[in-house]
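Here is the structure we will look at.
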Amino acid sequence: MSAVTRTRAFVVERPAAALVAPLLLFDLLVFVAPFGLLLRISLSERQPARAYAEGTWSTGGYEYLLDPSNTLASVLGFTFAFAAVVTVLSVVVATLYAHAMWRANGALRVVLTAGALVSMFTAIVVKLFAAILVISPNGVLNTALVGSGLLSEPLQLVNNAAGAVIGQLYIVAPYSVLAVYSVLSTVDESLLEAARDLGASGPHAFREVVIPHAVPGMLVAGVISFTWSVGSYAAPLLLGSGSERTAGIAVSDLLLREFDWPAAAALATTVTLSVVAALVAAHIGVSRLKVTTDAQ
Amino acid sequence: MTLLKLTDVVKRYGDLTAVDGVSLSVDRGELLCLLGPSGCGKSTTLRTIAGFETPEEGTVELAGDDGLEDVTDNPPNERDTSMVFQDWALFPNKNVLENVTFGPKMHGVEREERRSRAYEMLDVVEMTDHAEAAPTDLSGGQKQRIALARSLALDPDLLLLDEPLSNLDRRLRETMQLELKSIHEQLGTTMVYVTHDQDEAFTLADRIAVVDDGAIQQVGPPETVYTDPDALFVESFLGTSNFVDARVASTHGSRATIEFPFASRFETSVEDTVAAGDEITASLRPECLSVTTEAVRTDGATRSREGLRFEATVDSRLHRGSRYRYELIAGDTSLVTHRRIADRLSVEPGDVVSVRCDSTDITLFDDDGRRIR
């Protein structure tokens, strides 16, 4: 049997597997293989002279993570706290923004949609420098606030945690907006009218009709924001101070400055596995939640 | 006692005037049908009553504790009205019971009380067994019942129904019409019901308001609207009729001689706005044409005081379920009449027949569609 006939037989007999195959192959090539390599490096001996000792086995990289003499444990803690804050803000902002987009008509809707899309199409570094121009003490926002007499002193929004959060939010929020909007746009507007007609005030109708419908979109927005923010690098680097050190920054430092590849790989692996664990936990939590609401 | 009063309501969307000066009052306990073709403004009128639209001009008043209160600017949640939507608009994330308890919940009714009230209403619409079901699992007719129960659970002063049965198949629609009528009799809730289906309006309504072009053409009990229309539109919209272009041959005071294109004329009293030479439209209801095979006896008497008599040729005969539809040609005019199977005419296409129509069954309208007789 030739390779061609064998392939054809496979496609005919198992069309689903055949359709998924290219994707699996791609995944294998760009994710599984590099991640395997990463795992392997993380389990090599650390060697100050070289990046890592090839062919050796050691848990030195992981032990270094737990070494109290460095700050990596607190880096991990900060990373997850940072990601959690950004995620919550991102979902809240996205839900309100998407709701405004959905309720708006004509020109306003176009403007709001463009606002989300244009920011998505802009390169991250450009976006972050633009953010600095707006929110720095001499930036547009502070000049306006102080100039109009609303504030006596400019707000400190760069070189601190607030700056890092704003920068990261600026990166992930547009994706969250689109995730929530895609779900909201399927809400039948007569449902809102029905709620209003049955005596619900505006905020009540939003809570009772819009939010339950938007939950799947909000979950997607949350997952996007969280996974992205756990791996954040540029925003905390450019808009944060030295103490806003995320895992991404720490990995980069270990790789490029300290030339300690096993420790860098160990940190990267730990972060990745933690994210996967967090997503699985969230998934289980959500399905539990669904079961209990259904039972009521 | 008046429950709802609309005064000169005007609603515009840009250049389009959807509602053009509607005035209407509805008594407590009444079921009023707004009947008209698509796009005539009847749904917009209903949405204005519910509070989804704010009229540019005019007022909406609802009976309150101290007589009528102006609610024109009140939002929907501050009016004691409830609407049954055309697509029912059941909340997909809530089960049937939660849908029905929603209204009372928003009004701060205690959990136990709102549940018992919901069950009471589910009982009225015979859906108690489906209390735990998801709306998405229900059939169209069942969704319709739930939407009705959801609105009724509020015990609203005024129930608004926006073509609630138009998405159902014909048989189900007829069943639901009768059920709605019995629910109305049972609960006595005042209802304003929008429909484009005249059968539905005649089945349900205490009074019918015929709407066209954003304005109410005529309001009255079903029989009056049907037999005594004020306008050509009302006559043409309610059932089928034969419209014949006629001419006023001469007038003597309030009496006029009307000339028909099929060389027949009759004399009658008309409104005094009519002048000789006016082009008018006569409506001859199909059920009022009597057809015989005898020749028209009165020779020069194609002119008669009692009504119209003329000769026509049978052009076609169509079997339509329980009745036959005959098409007759008189001169250049085509006329339609029908007979039940048992009363069918013993005529074949091509036969010459004599047709009679009593003068009391002929309605006349002037150029602008106003009734002149």
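Here are the numbers:
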read-out	value
So A:L39, is it at pLDDT 90 or above and either among the hydroxyl-bearing types (S, T, Y) or under 18 Å from A:V271 (Cα atoms) (or both)	yes
The stretch B:53-104, residues that are within 20 Å of B:L154 (Cα to Cα) and aliphatic (A, V, I, L, M)	B:L62, B:A63, B:V71, B:M83, B:V84, B:A89, B:L90, B:V96, B:L97, B:V100
Among (1) within 12 Å of chain A (Cβ to nearest Cβ); (2) over 30 Å from B:D20 (Cα atoms), the one test that B:S82 misses	(2)
Restricting the stretch A:21-34 to residues that are more than 16 Å from A:L255 (Cβ to Cβ) and open to solvent by less than 70 Å² (accessible area, probe 1.4 Å), the residue that is modelled with the highest pLDDT	A:A33
Residues within the stretch B:249-281 that are assigned to a loop (DSSP other than H, G, I, E, B), on the phi < 0 side of the Ramachandran plot and open to solvent by 30 Å² or more (accessible area, probe 1.4 Å), tallied	8
From the options B:E113, B:E132, residue that is farther than 17 Å from A:E193 by Cβ, out of contact with any helix residue (DSSP H, G or I) (no Cβ under 7 Å at 6 or more places or on another chain) and of a type in the set (D, E)	B:E113
Test: residue in the stretch B:213-223 that is surrounded by 19 or more Cβ atoms within 10 Å (Cβ to Cβ) and part of a helix (DSSP H, G or I)	yes
Every residue from the stretch B:85-110 that is open to solvent by 30 Å² or more (accessible area, probe 1.4 Å) and away from chain A (no Cβ under 12 Å)	B:E110
Condition broken by A:N70, with the remaining ones in (1) surrounded by 12 or more Cβ atoms within 10 Å (Cβ to Cβ); (2) in a helix (DSSP H, G or I); (3) without any contact (Cβ under 8 Å) to a residue 12 or more places away in the chain; (4) within 29 Å of the chain's Cα centre (by Cα) satisfied	(2)
Qualifying residue in the stretch A:51-62 (condition: touching a residue at least 40 places away in the same chain (Cβ under 8 Å), open to solvent by less than 70 Å² (accessible area, probe 1.4 Å), under 16 Å from A:V251 (Cβ atoms) and assigned to a loop (DSSP other than H, G, I, E, B))	yes
Matching entry among A:A144, A:A161, A:A179 (being more than 14 Å from chain B (Cβ to nearest Cβ) and under 24 Å from A:M218 (Cβ atoms))	A:A179
The stretch B:22-36 residues that are without any contact (Cβ under 8 Å) to a residue 24 or more places away in the chain, paired with ones that are crowded, with 22+ Cβ neighbours inside 10 Å and assigned to a strand (DSSP E or B) (beta carbon under 7 Å, 6 or more apart)	B:S25/B:L4
Filter result (at the interface with chain A (Cβ under 9 Å from one of its Cβ atoms) and crowded, with 21+ Cβ neighbours inside 10 Å) within the stretch B:51-75	B:G51
Per-region count, the stretch B:179-208, residues part of a strand (DSSP E or B) and buried (at least 21 other Cβ atoms within 10 Å of the Cβ)	7
Residue within the stretch A:116-130 that is at pLDDT below 95, farther than 30 Å from A:D188 by Cβ, open to solvent by 70 Å² or more (accessible area, probe 1.4 Å) and aliphatic (A, V, I, L, M) present	yes
Qualifying helices (runs of 4 or more DSSP H) (wholly inside the stretch A:161-273; at least 3 residues being modelled with pLDDT of 90 or more, of a type outside the set (S, T, N, Q) and open to solvent by less than 10 Å² (accessible area, probe 1.4 Å))	A:161-184, A:189-197, A:211-230, A:234-239, A:247-256
Odd one out for B:L152 among (1) in contact (Cβ under 8 Å) with a residue 12 or more places away in the chain; (2) within 12 Å of chain A (Cβ to nearest Cβ); (3) over 27 Å from B:L35 (Cβ atoms)	(3)
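The values are calculated or read from the model by the stated rules, or taken from the named source; none is laboratory data. Everything numeric here is computed off the predicted structure, so don't read it as measured data. Neighbour counts are summed over all protein chains in view; Cβ atoms, including those assigned to glycine, are modelled from backbone coordinates with ideal geometry. With ligands, DNA and RNA removed, areas are computed over all heavy atoms of the protein, side chains included. Shrake-Rupley method; radii C 1.70, N 1.55, O 1.52, S 1.80 Å.
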